[in-house]
1. How far, in degrees from 0 to 90, does helix 33-57 lean away from the longest principal axis of the Cα atoms of the chain, to the nearest 10?
2. Let's see if you can work this out: charge +1 on each Lys and Arg Cβ, -1 on each Asp and Glu Cβ, no other charges. What is the dipole magnitude of the chain about its Cα centre, in debye to the nearest 20?
3. What does the convex hull of the alpha-carbon atoms of the chain project to on average, in nm²?
4. Go through Thr50, Gly29, Leu17 and say which Cα lies farthest out towards the positive end of the charge dipole of the chain; charges sit on Cβ, +1 for Lys and Arg, -1 for Asp and Glu.
5. Ranking Thr33, Thr50 by Cβ neighbours within 10 Å, fewest first, what do you get?
6. Could you work out the local net charge near Glu3, counting Lys and Arg as +1, Asp and Glu as -1, over the other residues with Cβ closer than 14 Å to its Cβ?
7. Within 10 Å of each residue's Cβ, count the other Cβ atoms and sort Leu17, Leu51 from fewest upward.
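Just so you know, all these numbers are worked out from the coordinates, no wet-lab data involved. Predicted model only: the values in this text are computed from it and were never measured. Please note: Cβ atoms are built from the backbone with ideal geometry, for glycine as well, and neighbour counts cover all protein chains shown.
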Amino acid sequence: MGEVMSDKLKKRLAHDLGFGNKIEDGDWGDVTTREVGMMVREAIKRAEQTLAEQDTDTPKA
């Protein structure tokens, strides 16, 4: 299966959510299930916002 989120996005989300220090060395072993869930929810939220913005930018016929 292909990669769902880029490493760059995962790192940005981890830092934005306050646990980026745990992954600085490239090891995700210290990240909790709760923190991963927070990342997934935030990624979905940002994707929905992007889609909504794109939808408002598209002229209606």
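1. Computed tilt is about 20 degrees.
2. Details: 10 positive and 13 negative charges, 32 e Å.
Computed charge dipole of the chain: roughly 160 debye.
3. Working: hull surface 22.5 nm².
Computing the convex hull of the Cα atoms and averaging its projections yields 5.6 nm².
4. Thr50
5. Working: Thr33 7, Thr50 10.
Lowest count first: Thr33, Thr50.
6. Working: positive: Lys8, Lys10, Lys11; negative: Asp7.
Charge balance near Glu3 sits at +2.
7. Values: Leu17 13, Leu51 10.
Starting with the residue having the fewest Cβ neighbours, the order is Leu51, Leu17.
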